[in-house]
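Accompanying notes for the structure given below.
Each reported figure results from applying straightforward, stated rules to the coordinates on display, with no laboratory input. Keep in mind the model is a prediction, meaning the values are calculated, not measured. We place every Cβ from the backbone using ideal geometry, glycine too, and count neighbours over all the protein chains shown.
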């Protein structure tokens, strides 16, 4: 289970970095989203991978980590999901405005093959 989760985090991170290095706006936004997914999985995995254990205290069960899941990574991931959604919305709005102003979806605002001002 740990190997599968570590592999998923690695693939998401590598894909996100690759897309961040592209010249198109949509690719950059998608890369940021994939990196946020990888970060969420990394934070979630820091709370130990346990199945079938409650994250809250229950009556009659000793209050140790052997009997419960760690609720802190779950709360951090929930917060990170909300922040990532807001960040994606802002990035999409900025990209749409950039596209409307420059008539281009390139990150630097230039067309492919542009050599710069000489």
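On a 0 to 90° scale, report how tilted helix 71-102 is relative to the longest principal axis of the chain, with both axes built from alpha carbons and the result rounded to the nearest 10.
Tilt relative to the chain: about 10 degrees.
Suppose only helical runs count, i.e. DSSP H with n ≥ 4. What mean residue ellipticity at 222 nm does that imply for the chain under -39500 (n - 2.57) per run, divided by all residues and rounded to the nearest 500 deg cm²/dmol?
-21500 deg cm²/dmol
Write down the Kirkwood hydrodynamic radius of region 1-70, to one decimal in angstroms, obtained as one divided by the mean of 1/r over all alpha carbon pairs.
14.0 Å
Helix 25-45 against the longest principal axis of the chain: what's the angle in degrees, Cα atoms only, rounded to the nearest 10?
In the chain, helix 25-45 runs at an angle near 10 degrees to the longest axis.
Just the Kirkwood number for the chain, please: inverse of mean 1/r across all distinct Cα pairs, in Å, one decimal.
Computed over Cα pairs of the chain, the Kirkwood hydrodynamic radius comes out at 17.0 Å.
Name the residues of region 1-37 whose amide N is less than 20 Å from a point 7 angstrom out from the Cα of residue 49 along the C-beta direction?
Correct set: 1-15, 35-37.
Looking only at region 31-65, which residues have a backbone nitrogen under 18 Å from a spot 7 Å from the Cα of residue 78 in the C-beta direction?
40-48, 50, 52-58
I need to check one value: relative contact order of the chain, counting alpha carbon pairs closer than 8 Å and at least 6 residues apart, in percent.
Computed over the chain, the figure is 24 percent.
Report, to the nearest 10°, how far helix 2-20 tilts away from the longest principal axis of the Cα atoms in the chain, using its own Cα long axis and a range of 0 to 90°.
Computed tilt is about 20 degrees.
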